[in-house]
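The values are calculated or read from the model by the stated rules, or taken from the named source; none is laboratory data. Worth saying up front: this structure is predicted, and the values here are computed from it rather than measured. Because the Cβ atoms are built from the backbone with ideal geometry, glycine has one as well, and the counts that use them run over all protein chains shown. In case anyone asks, the SASA skips ligands and DNA or RNA and just uses the protein heavy atoms, side chains included. Shrake-Rupley method; radii C 1.70, N 1.55, O 1.52, S 1.80 Å.
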Amino acid sequence: LARVASLTDAIDKRRRETESLGGRLREAREELARRKDEYDCLSKTASKSDALEALLRQAISMLPPDVTECPLCGTSFSSSDALLQHITRARAQRALTSDALSKALTASRSQQELVGERERELEEAEKAISAMEDEKNRCETSLRQLREVIATFPAQVEAPSDDHPDALDTEL
């Protein structure tokens, strides 16, 4: 009985751990989804930034040197130099976006690894619970069989007579 109680307590503890791991896994998956969304957003921004830079380069190469209006955003500048500074800032923004995209990708990869780790922990916990439940079932079966054997003792054992006390000991 003590072994069954011990196994029941251990199974309950493992189930709580499994539920905890399940919660952590859900949180990790939610974080991964959030990071993927962030990555997708940054990826789109980087693509737009790359396209913007390509268009700006093409536009500048086609424009005469005295142009002072950005052909993409329509902003007017006081000089061509101001327009070139605007283009330089756009390139810097693209570099920042690219850096943020790289960081988001790295974070997403580490989050995917964390999700995988949590899934492995959960699988191990479930295997441990299954093994404990199997052991508990074996103990309960053995206990039931032992009770059945004990229940047959009164029918098998006759009350010893006073002149044969050793006969009972021999039978047991």
(request) Using only Cα positions of region 70-123, each an equal point scatterer, no hydration layer, compute I(q)/I(0) via Debye at q = 0.23, 0.32 Å⁻¹ and quote the log10 values to two decimals. (result) -0.85, -1.10
(request) Give the long-range amide H neighbours of Phe77: residues separated by 5 or more places, or on another chain, with amide H under 5 Å away, using H modelled in the peptide plane at 1.01 Å from N. (result) Glu69, Cys70
(request) Roll a 1.4 angstrom probe over the protein heavy atoms and tell me the percent of accessible area of region 101-149 that is carbon or sulfur. (result) 47 percent
(message) Counting heavy atoms of the protein chains only and a 1.4 Å probe, report the per residue accessible area for region 76-155 as a whole number of Å².
(response) 68 Å²
(message) Checking the cross-link filter: which lysines have an alpha carbon closer than 16 Å to that of Lys13, excluding same-chain neighbours under 8 positions apart?
(response) Lys127, Lys136
(request) Using the Karplus curve 6.51 cos²θ - 1.76 cosθ + 1.60 with θ = phi - 60°, work out ³J(HN,Hα) for each residue of region 134-151 in order, rounded to whole Hz, and write x for Gly and Pro. (result) 4, 5, 4, 4, 4, 5, 5, 5, 4, 5, 4, 5, 5, 5, 5, 5, 5, 5
(request) Please find the FRET efficiency linking Arg120 to Ser98, where r is the Cβ-Cβ separation and R0 is fixed at 30 Å, and quote it to the nearest 0.05. (result) 0.35
